[in-house]
């Protein structure tokens, strides 16, 4: 299986109906994004500080991670939103409108139109690229930043190293089946069924420190409208094409505190997360043992305690800087 196909399989997505995230939100609805895009959001908890969650798996939506992160709403406002083109946000079919620049403009429009003076960001996987770019473009509007399992800040050699670890996690027959199902999504009559079979095949062995941990996950990658599932691979590919080969020069302008969280079992090498920390002026790395690409599911207690402490203004135990 080639690298492009593997990246697409990392990003199956969809949309959810209201009521699918968990407890009743403190507020929900639509807000105008950039380019007339309507962004669906939900806010939980309450408090003077607002943390906006920037989901990963671009083309996806908030529902794969929101149900498992709601404990972080205690004492603060925790806001989830579906990125443009996915979830309950308005469809976007033009690939030119699905790159990182559009996502950053959406995030600023969401902040402005919801009346948030200054926000913190909790970003996962590819969402870390959006959050870091946003903080660089809007430093006066960003307080603190958590990057969870971020993509490598420089494409090579880290992308090749990731694939060398990630691809052997499944046998060739399993990858062939997942690939075939992925290719069938645009035309199949049952994209949700195809998605769920892919997740049963790929998720436990490829994304968790132990396959049994997948059973803990309350989020759902496949609770989606058929059309959003069918078009998701195109949206993912458009986002991937928009990313720079080397993020490090732009990261040096970020003067805010940044916590990078890396699962010790993640296929992305820990050296890639160290490269983030080395490039950032005020950053520390926290490596969580016994966790992979979704560490809040593998090690929920450790993850929640670390993130909560950071957003309360303190570095969590075990977080350390990297020599420059």
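We did not get these values from a lab; they are worked out from the coordinates using the rules stated. Here the structure is a predicted model, which means the values were calculated and not measured. Cβ atoms come from the backbone with ideal geometry, glycine included; neighbour counts cover every protein chain shown.
Observations
- Share, in percent, of DSSP beta bridges within the chain that are antiparallel, nearest 5: 35
- Largest mean-square fluctuation among 154, 54, 297, in a Gaussian network model of the chain whose springs join Cα atoms under 10 Å apart, belongs to 154.
- By the helix-only formula, in which each DSSP H run with n ≥ 4 contributes -39500 (n - 2.57) and the sum is divided by residues, the chain has a 222 nm mean residue ellipticity of -11000 deg cm²/dmol.
- Judged by the ratio a/c of the largest to the smallest principal axis of the C-alpha gyration tensor, the stretch 255-312 counts as oblate, that ratio being 1.5 or greater while a/b is no larger than b/c.
- Ranked by how many other beta carbons lie within 10 Å on average, peptides 35-41, 63-69 from highest: 63-69, 35-41
- Taking other C-beta atoms within 10 Å as the exposure proxy, 273, 120 rank 120, 273 from fewest upward.
- Separation of the residue 252 and residue 270 label points, Cα + 7 Å toward Cβ, nm: 2.7
- Full-stretch length increase - residue 173, residue 245 - with 0.36 nm per residue and alpha-carbon distance subtracted: 22.7 nm
- Cα shape, the stretch 87-201, gyration tensor, a/c 1.5 rule: oblate
- Packing, as the average of other Cβ atoms within 10 Å across residues, places the peptides 252-258, 82-88 in the order 82-88, 252-258, highest first.
- The length gained by stretching the chain between residue 315 and residue 183 to full extension, at 0.36 nm per residue less their Cα-Cα distance, is 43.1 nm.
- Each of the peptides 228-235, 127-134, 98-105 was scored by the mean count of other Cβ atoms within 10 Å over its residues; in descending order, highest first, they stand as 127-134, 228-235, 98-105.
- Taking the inverse of the mean 1/r over every pair of distinct Cα atoms in the chain gives a Kirkwood hydrodynamic radius of 19.4 Å.
- Projected label points at residue 97 and residue 138, each 7 Å from Cα along the beta carbon direction, are separated by 2.0 nanometres.
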